Amino acid sequence: MILTAPERRCAISGGTFSLGSIALFVGIAVLVLLSAGIESGGNTSLTDPYLLRILRFTLLQAVLSTLLSIVLAIPVARALARQPRFPGRLWLIRLMAVPMGLPVLIGALGLLGIWGRQGLLNQALSALGLSQPVSIYGLAGILLAHVFFNMPLACRLMLAGLERVPAEYWLVAGGLGMRPISVFRFIEWPILRGLILGIAGLIFMLCATSFTLVLILGGGPAATTLEVAIYQALRFDFDPGRAVMLSLLQIVVTLLVLGAMTLFRAPDDHGLTGGRTLRRIDGQEMAARCVDAALLAGATLFLGMPLASVVVTGLEANLFKLVSQPIFLQAAVTSLAIALAAGLLAVLISFAIIHARSVISADRRKSLGLHGLAIALGASSSLILLVPPIVLATGWFLALRPFGDPSRFAAILIIVINALMALPFVIRVIEPAYTVHVSRTGRLAASLGLHGIARLRMVDWPGLRKPLFTALSFAMALSLGDLGAVALFGSDSLMTLPWLVYSKLGSYRTNDADGYALILGLVCLLLTIAGTAGQGATDDESRRND
Amino acid sequence: MALAAGATFFSAQTAEAADKTLTIYTYESFTADWGPGAKVKAAFEKTCGCTVNYVAVTDGVALLSRLKLEGTGTKADVVLGLDTNLIDEAKDTGLFDASGVDTSTLKVPGGFKDDVFVPYDYGHFAVIYDTQTIKNPPKSMKDLVEGDPNQKIVIEDPRTSTPGLGLLLWVKSIYGDKSADAWAKLKGRILTVTPGWSEAYDLFTKGEAPMVLSYTTSPAYHMIEDKTDRYQAAAFSEGHYIQIEVAGLIKASPNKDLARDFLKFMISTGFQDIIPTSNWMMPVSATSEPLPDAFSKLVVPSKTFLMSPADVDKNRKAWIDEWLTATSGN
């Protein structure tokens, strides 16, 4: 990237500022909790056999969940990429964002509607005369649920990568008459390999910190994760010292795993191309189409049926009555406001981080300090997955206590925590697109003398608008489904949609809860539609340039 | 130092703004629009010439955590919604003061007496079963423990919820030293263990399991609101463990007289009339009119188990460890 010196300084200081803010936000919470723990004289032994057991289970289920999600996502992403035009393709991609925004309990109930003891599968089996129900409780249930939540995420990120393959590649592949297996080996796999480790790391961390799902579907104490121990230490025992020790243990272990993974990281390589996106010309033979159709149908069923189950149970509620209640309006407005603020903040911070990293990496003779900064920037976005939201929320609650009623700051804290939660996703959406965009336009813009606002308006905004909106919708969906941070601060004045679902459940009103869950799912779908508008459809080109 | 300074600054601020406003910390389902909160507020405001202001968190455990977090800086005048298993820890915070309310006429099974916390409702834990799937419900804890492992039950985790802890204490009350064996036997019957009551009860009503750990009063909700007798409580011959919900007043409250008035109000008919059909628990004193019919059909436990809060506090960790070991082996 060619920038003027002030632009370069500006980019680096923007990244440094973002990094510093994240570190400060997380650091203050952890330090306050640690000192509260020391004050209360908490003694925590990290060698307790119980702890080692849950640590082992945490890692086992997270590794298996990650492997399954990735392995299953590859053929689906590839099939989607190979078949750029079929009816409902865009809707399938949009549907893939819905699990993210659903509170995990709702997703789990949807899965049980299909795979549960009274679910569709067992009903079908018993209709066939098989009486013994297939049970999904235990490790199998956890894996199923984690794949349901994370495979679509992996798929969307991989697809985005495959769709950035330069048009020239397909021209050459076509000219050489490459077979699908060669296309995979020489074109698709190198792209996917570069993405997989990052995606796997993200999914691994999401699964390692999974809590409600593991407890509900795990079947009992044999299936328990560290996150449960952290939650228990804070909520039931109020032992901040232990909670922080456990969080630190989680951070260390997860960092070790991620560190081991980055040893295998493939070098990023984005060729300089004309920037044309050309429809793929392979995958049009009958055999390939059949295979892809089967794959996509399977994925659609796997993903769509539990969601359909949420819809069906939700429709049994009196939706009209639910929507017309003032408490719903209040919750919806609060949720959307928090989600929008958190989403914008996440996109802003991500952009600053990506921009700074890109500037540093373009610097051929960078100092050791800059090199370190680039690494820190890369790691910062994942910090939140390691430090659970409940730890952050409690730490800040204690930190703000001397300044008056901490619940006054609740909205701001929830926004920041949600923004941090979205960061790793947002970065993975924006960064690859940004890198390609810069490699395509950087030199040209510089040679035309386009700088500052002018370049932003004429080059960057049109080129990056789409990934930015996608990232925003990702972040907003994630924030909408979040329950964690609110639970601690919750008061009458701050009611969100997931909290409404849970409070209805807590008073026997399961029908109402199902109805609100459906509405929440629809809001997420609407967000994704907004985020993917004009994406995917090739004949959309003219509309996009309006 | 900083904390102390903050606290003084803060209480000064509250005193200024506290022109007859009573702040009550409670749990979410109390203040929800279908809960008792709004009616209680209206009824009390008629007599006190004050404004009632609720601050609601998810449940009793969250309530105690919130108090511990806020410490002396708490804004609460009254804390409503702890249960007897939590009150020893609550007293340890040093935030509460003697209620000064005469509770001698209250009818609370298990003989609970306390000069700090005033009981306002109670419920016995019970196994609720679906009459459409279970024709012969367990008649005792022994039946439950030794029964057909194919008839599953959903229970709550004692590490994360009060009903889960309730079941743990119930089993302990019956089996004593043999609890670990009982859990090992029951293990095969447990479909899954959820983090809280909501998740468990939802799995139950969705038909995932024919039994769930809840309260003897749960069927009243279904009979009155859903007009169905489908879900019933199983009466256990050994007896049932009780959950008693209590309220207390904050020592540093600038509105102590008002807070005491509220505690007295809580055991009067004005408050007790509202409880059964909105909080779905049993009243602790007479209501002005007889309870709805459905309540006469509920299980009345032959014996009530209740451990002293001090015993619970002292042994909770060890008993949870025992439960973990007994139920997590393969």
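The values are calculated or read from the model by the stated rules, or taken from the named source; none is laboratory data. Note that the structure is a prediction, hence the values are computed from the model and not measured. Counting neighbours? That spans all protein chains shown, and the Cβs are built from the backbone with ideal geometry, glycine included.
Values for this structure:
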read-out	value
First in segment A:236-261 and closer than 14 Å to A:ALA379 by Cα and outside the structural domain of A:GLN61 (by the TED database), second anywhere and modelled with pLDDT of 80 or more and among the hydrophobic types (A, V, I, L, M, F, W, C), Cβ under 7 Å, 6 or more apart	A:THR254/A:MET205; A:THR254/A:ALA208; A:VAL257/A:PHE204; A:MET261/A:LEU197; A:MET261/A:ALA200
Residue in segment B:234-248 that is under 17 Å from B:GLY81 (Cβ atoms) and assigned to a loop (DSSP other than H, G, I, E, B) present	no
Given (1) part of a helix (DSSP H, G or I); (2) more than 14 Å from chain A (Cβ to nearest Cβ), index of the condition B:THR327 fails	(2)
Test: residue in segment B:252-275 that is part of a loop (DSSP other than H, G, I, E, B), closer than 26 Å to B:TRP34 by Cβ and within 14 Å of chain A (Cβ to nearest Cβ)	yes
For B:VAL127: the one exception among (1) under 29 Å from B:ALA326 (Cα atoms); (2) modelled with pLDDT of 95 or more; (3) out of contact with any Phe, Trp or Tyr (no Cβ under 9 Å at 6 or more places or on another chain)	(3)
Only listed residue being outside any helix (DSSP H, G or I) and assigned by the TED database to the domain that holds A:PHE25, chosen from A:GLY442, A:GLY449	A:GLY449
Criterion violated by B:ALA62 - all others in (1) more than 9 Å from chain A (Cβ to nearest Cβ); (2) of a type outside the set (D, E, K, R); (3) without any contact (Cβ under 8 Å) to a residue 60 or more places away in the chain satisfied	(1)
Condition check for A:SER126: out of contact with any Gly (no Cβ under 8 Å at 6 or more places or on another chain), within 14 Å of chain B (Cβ to nearest Cβ) and either at pLDDT 85 or above or outside any loop (DSSP other than H, G, I, E, B) (or both)	yes
Those residues of segment A:454-477 which are closer than 30 Å to A:ARG408 by Cβ and at pLDDT below 85, in sequence order	A:PHE474
Boolean, A:PRO133 is of a type outside the set (Phe, Trp, Tyr), in a loop (DSSP other than H, G, I, E, B), more than 22 Å from B:SER198 (Cβ to Cβ) and within 14 Å of chain B (Cβ to nearest Cβ)	yes
Residue that is farthest from the other protein chains (Cβ to nearest Cβ) [pool: residues in segment A:187-213 that are farther than 25 Å from A:GLY116 by Cα, surrounded by fewer than 22 Cβ atoms within 10 Å (Cβ to Cβ) and in contact with a Phe, Trp or Tyr (Cβ under 8 Å, 6 or more places away or on another chain)]	A:ILE187
Pick from segment B:97-122, criterion surrounded by 11 or more Cβ atoms within 10 Å (Cβ to Cβ) and among the small types (Gly, Ala, Ser), ranking: nearest to B:VAL300 (Cα to Cα)	B:GLY110
Filter result for A:ILE191 (modelled with pLDDT under 80 and in a helix (DSSP H, G or I))	no
Segment A:284-323 - residue that is in a helix (DSSP H, G or I), under 18 Å from A:PRO75 (Cβ atoms) and charged (D, E, K, R) and, of those, nearest to the other protein chains (Cβ to nearest Cβ)	A:ASP292
B:THR304 within 18 Å of B:ALA234 (Cβ to Cβ) and crowded, with 16+ Cβ neighbours inside 10 Å	yes
Residue in segment B:195-210 that is modelled with pLDDT under 95 and more than 20 Å from B:TYR231 (Cα to Cα) present	yes
Top-ranked residue of segment A:214-238 - restricted to ones that are out of contact with any Pro (no Cβ under 7 Å at 6 or more places or on another chain) and more than 10 Å from chain B (Cβ to nearest Cβ), ranked as surrounded by the most Cβ atoms within 10 Å (Cβ to Cβ)	A:THR225
Residue count, segment A:113-123 (criterion: at the interface with another protein chain (Cβ under 10 Å from one of its Cβ atoms), of a type outside the set (Lys, Arg) and either free of Cβ contacts under 8 Å to residues at least 40 places away in the same chain or part of a loop (DSSP other than H, G, I, E, B) (or both))	3
Pair list, Cβ under 7 Å, 6 or more apart: segment A:416-435 residue in the same structural domain as A:SER361 (by the TED database), other residue of a type in the set (D, E, K, R) and buried (at least 22 other Cβ atoms within 10 Å of the Cβ)	A:ASN418/A:ASP482; A:MET421/A:ASP482
Among the candidates B:ASP143, B:ASP148, residue that is in a loop (DSSP other than H, G, I, E, B) and either at pLDDT 95 or above or charged (D, E, K, R) (or both)	B:ASP148
Pair list, Cβ < 7 Å and 6+ apart or interchain, from segment B:103-115 residues that are under 13 Å from B:PRO283 (Cα atoms) to residues that are part of a loop (DSSP other than H, G, I, E, B) and polar (S, T, N, Q)	B:THR105/B:SER285; B:LEU106/B:SER285; B:LYS107/B:SER285
Leading residue by the ranking (nearest to the other protein chains (Cβ to nearest Cβ)) among those in segment B:207-233 that are surrounded by fewer than 18 Cβ atoms within 10 Å (Cβ to Cβ) and in a loop (DSSP other than H, G, I, E, B)	B:GLY207
Among the residues listed as A:VAL32, A:VAL26, A:VAL98, the single one being under 24 Å from A:ASN418 (Cβ atoms), surrounded by 19 or more Cβ atoms within 10 Å (Cβ to Cβ) and at pLDDT below 85	A:VAL98
Subset of segment A:331-365 that is polar (S, T, N, Q) and within 21 Å of A:LEU102 (Cβ to Cβ) - its residue that is surrounded by the fewest Cβ atoms within 10 Å (Cβ to Cβ)	A:THR334
Residue that is surrounded by 15 or more Cβ atoms within 10 Å (Cβ to Cβ) and either more than 23 Å from A:ALA229 (Cα to Cα) or aromatic (Phe, Trp, Tyr) (or both), where the choices are A:ARG9, A:ARG82, A:ARG53	A:ARG82
Residue among A:VAL244, A:VAL183, A:VAL165 that alone is in contact with a helix residue (DSSP H, G or I) (Cβ under 7 Å, 6 or more places away or on another chain), part of a loop (DSSP other than H, G, I, E, B), of a type in the set (A, V, I, L, M, F, W, C) and more than 11 Å from chain B (Cβ to nearest Cβ)	A:VAL165
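Quick grid of which residues meet (1) farther than 21 Å from A:LEU420 by Cα; (2) surrounded by 24 or more Cβ atoms within 10 Å (Cβ to Cβ); (3) at pLDDT 85 or above:
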{"residue": "A:GLY481", "(1), (2), (3)": "no, yes, no"}
{"residue": "A:ALA485", "(1), (2), (3)": "no, yes, no"}
{"residue": "A:GLY490", "(1), (2), (3)": "no, yes, no"}
{"residue": "A:LEU494", "(1), (2), (3)": "no, no, no"}
{"residue": "A:TRP499", "(1), (2), (3)": "no, no, no"}
{"residue": "A:ALA513", "(1), (2), (3)": "yes, yes, yes"}
